[in-house]
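**Q** Sharing a structure here in structure tokens format.
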Amino acid sequence: MAGAILVTEKNGVSLSSIDFDYIIEKIRPNFNDSEKDVREEIYSPVDDGGMSFISLVEQCAERFNAFVRAASIAYENEIKEQPFSARRNSWDELLTALRSDPRYGKS
């Protein structure tokens, strides 16, 4: 099985199930308290539907960038903990996909 983080309808990152679960759970706690509803909406396919994907496709720029910020924090923490992480390529692929989106940096 595999998981996916869908950035747009034509752009996403496919991950092994282990990497998918690991990465999304590393990202989850990095949302601000005020972004609880954003986190819940993005994670609802996993939490409510038992699906192996999360989607940013329908998110406005502000909500999209909340996810990007949380992912960036998770990535920086990962590098500090495990500088030569086996998941480094997956993180890099995800961050590249997020930063190439037109919503990146806009709110």
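**Q** Please give the calculated 222 nm ellipticity per residue for the chain, where each DSSP H segment of at least 4 residues contributes -39500 (n - 2.57) and the sum is spread over every residue; nearest 500 deg cm²/dmol?
**A** About -17000 deg cm²/dmol.
**Q** Could you work out how much longer the chain between Asp92 and Cys60 gets when fully extended? Use 0.36 nm per residue separation minus the Cα distance between them, nm to one decimal.
**A** Full-extension gain reported as 9.2 nm.
**Q** Provide the solvent-accessible area of Glu40, counting protein heavy atoms only and rolling a 1.4 Å probe, rounded to the nearest 10 Å².
**A** 100 Å²
**Q** How much of the DSSP beta bridge set in the range 2-100 is antiparallel, as a percent to the nearest 5?
**A** Percentage antiparallel, nearest 5: 60.
**Q** Considering Cα pairs under 8 angstrom that are at least six residues apart, work out the relative contact order of the chain and quote it in whole percent.
**A** Dividing the mean separation by the residue count of the chain yields 33 percent.
**Q** Here is a follow-up. Lys106 to Asp37: FRET efficiency via 1/(1 + (r/R0)^6), r the Cβ-Cβ distance, R0 22 Å, to the nearest 0.05?
**A** Calculated transfer efficiency: 0.65.
**Q** Given R₀ = 25 Å, what would the calculated FRET efficiency be for Ala4 paired with Arg69, taking r from the Cβ atoms and rounding to 0.05?
**A** Once rounded, the FRET efficiency stands at 0.75.
**Q** Using a 1.4 Å probe on the protein heavy atoms, what percent of the accessible area of the range 2-100 belongs to carbon and sulfur?
**A** 49 percent
**Q** Just in the range 1-84: which chymotrypsin sites (Phe, Trp or Tyr not before Pro) are loop by DSSP and have at most 14 other Cβ atoms within 10 Å?
**A** Phe84
**Q** I would also like to ask the following. Considering the values [x] 1.08; [y] 1.30; [z] 0.93, which represents Rg/Rh (Cα atoms, Kirkwood Rh) as calculated for the structure under consideration?
**A** [z]
The values are calculated or read from the model by the stated rules, or taken from the named source; none is laboratory data. As the structure is a computational prediction, the values presented were derived from the model and not from experiment. Virtual Cβ from ideal backbone geometry, glycine too; neighbours counted across all protein chains shown. Note: areas computed on protein heavy atoms with side chains; ligands, DNA, RNA excluded. Shrake-Rupley method; radii C 1.70, N 1.55, O 1.52, S 1.80 Å.
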